[in-house]
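Here the structure comes first, spelled out in structure tokens, and everything after it is commentary.
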């Protein structure tokens, strides 16, 4: 019997039994297989494990010591294949790679990871901020967060966590200076900001109710950084179309004013997803479930004023 782990299992069963026959019954194998395994293990160790005659077996002093070590080794091996069972939070460890849109990553993700790190200090995070949809296979991403259409790819496990609308907002000072737009078309003649789509290098079109879109090409400020765009809107540089979760705190505190509310487009869904590629490491499952649960909370991702 060449499998040393299996030989140790047979030996431990024999050490706890009164005979090789009893050990064989417990293991569901033949007594001859038990005898052969013990002999092979004795040759491998160069030590006698049992004194035996035709009537009984008696474990040797060496055998008793080896049994203690063998049981511990077998338990460690079994624990490798039952990760998380009875483990303490401090025992979970390893790298988790996450891709997330820039604005959501900077505004919402870091506070959540701070709290998670306190509970699971062994987990390390590799955060990729990108408004592109990451190729999770090529980039070896464990968890993704995105806002958009339903993930129809069967290669993903996705949880809908929250809803994000795109609100038209401006600073009170800018509204006082230029007035409020009454229709989306008015935006073509007013100072606006724009967020550049990574795929095209052009500004994202503005979205409105009933699937209407408006391409604005005369923005006073264009950027590929959603946080910079929000700051520009707060500073009164232009009117912006901002994700509700990021706009709501500023509206509540009076720093931004919602505009064209009757034209607000239907909200998009925020998903937490992971590739469906075989077994999921405990650390990945912990982070995935935690993010999906926390991002669904109104206190974390506000959706209403």
Take residue 75 and decide whether it is under 30 Å from residue 42 (Cβ atoms), at pLDDT 90 or above and in a helix (DSSP H, G or I).
-> no
Starting from residues that are in contact with a helix residue (DSSP H, G or I) (Cβ under 8 Å, 6 or more places away or on another chain) and part of a strand (DSSP E or B), keep the ones in segment 260-286 and report whichever is farthest from residue 296 (Cα to Cα).
-> 264
Which condition number does residue 231 fail, the rest of (1) outside any loop (DSSP other than H, G, I, E, B); (2) at pLDDT 90 or above; (3) within 30 Å of the chain's Cα centre (by Cα); (4) more than 18 Å from residue 106 (Cα to Cα) being met?
-> (4)
Identify the residue in segment 10-30 that is assigned to a helix (DSSP H, G or I), surrounded by fewer than 17 Cβ atoms within 10 Å (Cβ to Cβ) and within 49 Å of the chain's Cα centre (by Cα) and, among all such residues, is modelled with the lowest pLDDT.
-> 26
Boolean, residue 272 is more than 20 Å from residue 211 (Cβ to Cβ), crowded, with 17+ Cβ neighbours inside 10 Å and either at pLDDT below 95 or in contact with a strand residue (DSSP E or B) (Cβ under 6 Å, 6 or more places away or on another chain) (or both) = yes
Take residue 240 and decide whether it is touching a helix residue (DSSP H, G or I) at 6+ places or on another chain (Cβ under 6 Å), surrounded by 13 or more Cβ atoms within 10 Å (Cβ to Cβ) and either farther than 19 Å from residue 266 by Cα or assigned by TED's automatic domain parsing to the domain that holds residue 104 (or both).
-> no
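In the set 172, 184, which member is in contact with a strand residue (DSSP E or B) (Cβ under 7 Å, 6 or more places away or on another chain) and exposed (fewer than 13 other Cβ atoms within 10 Å of the Cβ)?
Matching residue, one of 172, 184: 172.
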Keeping to segment 114-145, report how many residues are at pLDDT 80 or above, within 19 Å of residue 280 (Cβ to Cβ) and in contact with a strand residue (DSSP E or B) (Cβ under 9 Å, 6 or more places away or on another chain).
-> 11
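The values are calculated or read from the model by the stated rules, or taken from the named source; none is laboratory data. What you are looking at is a predicted structure, and each value in this text was computed from that prediction instead of being measured. Note: ideal-geometry Cβ built from the backbone for every residue, glycine included; neighbour counts use all protein chains shown.
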